[in-house]
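Beneath this line is the structure, given in structure tokens, with notes to follow.
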Amino acid sequence: MKFFVDTADVADIRELNDLGMVDGVTTNPSLILKSGRDILEVTKEICDIVSGPVSAEVVALKADEMIAEGRKLAKIAPNIAVKVPLTWDGLKTCKVLSGEGHMVNVTLCFSANQALLAAKAGATFISPFIGRLDDINLDGLDLIADIRTIYDNYGFETQILAASIRTANHVAQCAMIGADVMTAPPSVIKGLASHVLTDKGLDQFMKDWAKTGQKIL
Ligand code: E4P
């Protein structure tokens, strides 16, 4: 499963990329706001760091304006994936931009039928939001499994990009189900290294080592 990092924070992207943990990046208008940066400038900087797909989201609501925005965003770098919302106009935009050879990430997906439409419109990525479904007491992971089944049934090549990931369990379960990609905030990716038994075991090793009186260096 590929790891995308869900942030527009360049320092975090650089740190994780240096460790080989970044196969791509996803941004959205809220993350651009959080970064305090200009969308074109920060997206270019991210594309210079990361060689994989970098999602940049359109903000228009009508297809003709979305298409124009998408074309402008796609000019930033060859690895831009234009992110469009899962609306009828977003699907029209997806069809046009994917037909022009651009990568398209269809976002804000909350149902299997929406994912089916995105695949038929030629999406490169479909982004089902797990955490936001969990927030309203539905099971976001069930949606990932349903989309996996549907795409495999018909051989759709659209990649399932599990989004709105909040926990380590989301990551492991997405990998078990067979999501192609997951995108998570840097804190969640770094948190995957933590385990209470690792901390406990290391503490015991350090105590016992101190008792040996030895040094390696
Ligand atoms: C990714 O493309 C989404 O923008 C992101 O994962 C949303 O996550 P959130 O629901 O935690 O804001």
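The values are calculated or read from the model by the stated rules, or taken from the named source; none is laboratory data. Owing to the predicted nature of the structure, the values given are computational and were not obtained by experimental measurement. Cβ coordinates were reconstructed from backbone atoms using ideal geometry, including for glycine residues, and neighbour counts include every protein chain displayed. The area values use the complete protein model at the heavy-atom level, side chains included, leaving out ligands, DNA and RNA. Shrake-Rupley method; radii C 1.70, N 1.55, O 1.52, S 1.80 Å.
Projecting the Cα atoms of Val104, Cys47, Gly20 onto the dipole axis of the chain, where Lys and Arg carry +1 and Asp and Glu carry -1 at the beta carbon, places Gly20 farthest toward the positive end.
Across the options Ile150, Ile165, Phe125, the greatest Cα extent toward the positive end of the charge dipole of region 104-217 (unit charges at beta carbon of Lys, Arg, Asp, Glu) belongs to Ile165.
Taking the C-alpha atoms only, the angle from helix 39-49 to the longest principal axis of the chain is near 50 degrees. Computed over the alpha carbons of region 1-139, Rg followed by Dmax gives 14.5, 40 Å.
What is the dipole size for the chain, taken about its Cα centre, with +1 at each Lys and Arg Cβ and -1 at each Asp and Glu Cβ, in debye to the nearest 20? All intermediate terms of the calculation are to be shown ahead of the outcome.
On the way: 21 positive and 27 negative charges, 43 e Å.
Rounded to the nearest 20 debye, it is 200 debye.
Remark: the chain carries 53 Å² of accessible area per residue (probe radius 1.4 Å; ligands, DNA and RNA excluded). Evaluating 6.51 cos²θ - 1.76 cosθ + 1.60 at θ = phi - 60° for every residue in region 126-134, the Karplus couplings come out as 10, 10, x, 9, 5, x, 5, 6, 4 Hz, glycine and proline recorded as x.
Near Val25, the amide H atoms lying under 5 Å from its own belong to Val5, Val54, Ser55; only residues 5 or more places off or on other chains count, and H is placed 1.01 Å from N. Dividing the mean sequence gap of close Cα pairs (under 8 Å, 6+ apart) by how many residues the chain holds gives a relative contact order of 17 percent. Computed from backbone phi with θ = phi - 60° and the Karplus coefficients 6.51, -1.76 and 1.60, the 3J(HN,Hα) list for region 159-173 is 8, 7, 10, 5, 10, 6, 8, 10, 9, 5, 4, 4, 5, 4, 5 Hz; x is used for glycine and proline.
Within the shell defined by Cβ-Cβ distances under 14 Å, the residues around Gly101 carry a net charge of +2, with Lys and Arg each +1 and Asp and Glu each -1. A Gaussian network model of the chain, with springs between Cα atoms under 10 Å, assigns the largest mean-square fluctuation among Thr149, Thr87, Thr43 to Thr149.
The relative contact order of region 63-140 comes to 24 percent, based on Cα pairs under 8 Å that sit 6 or more residues apart.
Inter-part distance, region 44-115 to region 145-217, computed on C-alpha centroids, equals 28 Å.
In the chain, the calculated helix contribution to ellipticity at 222 nm averages -15500 deg cm²/dmol per residue, counting -39,500 (n - 2.57) for every DSSP H run with n ≥ 4. For the chain, the longest principal axis of the C-alpha atoms and the axis of helix 140-154 are separated by about 60°.
Enter the angle in degrees (range 0 to 90, nearest 10) between the Cα long axis of helix 63-74 and the first principal axis of the Cα atoms of the chain, meaning the one along which they spread out most. Between the helix axis and the principal axis of the chain, the angle is about 50 degrees.
Under the Kirkwood approximation applied to all pairs of distinct alpha-carbon atoms, what is the hydrodynamic radius of region 137-217 in Å?
It works out to 15.6 Å.
Sparsely packed loop sites in region 2-47 (the GluC sites (Glu not before Pro) outside DSSP H, G, I, E and B with at most 15 other Cβ atoms within 10 Å) do not occur.
Both radii come from the Cα set of region 107-166: Rg as radius of gyration, Rh as Kirkwood radius; their ratio Rg/Rh reads 0.95.
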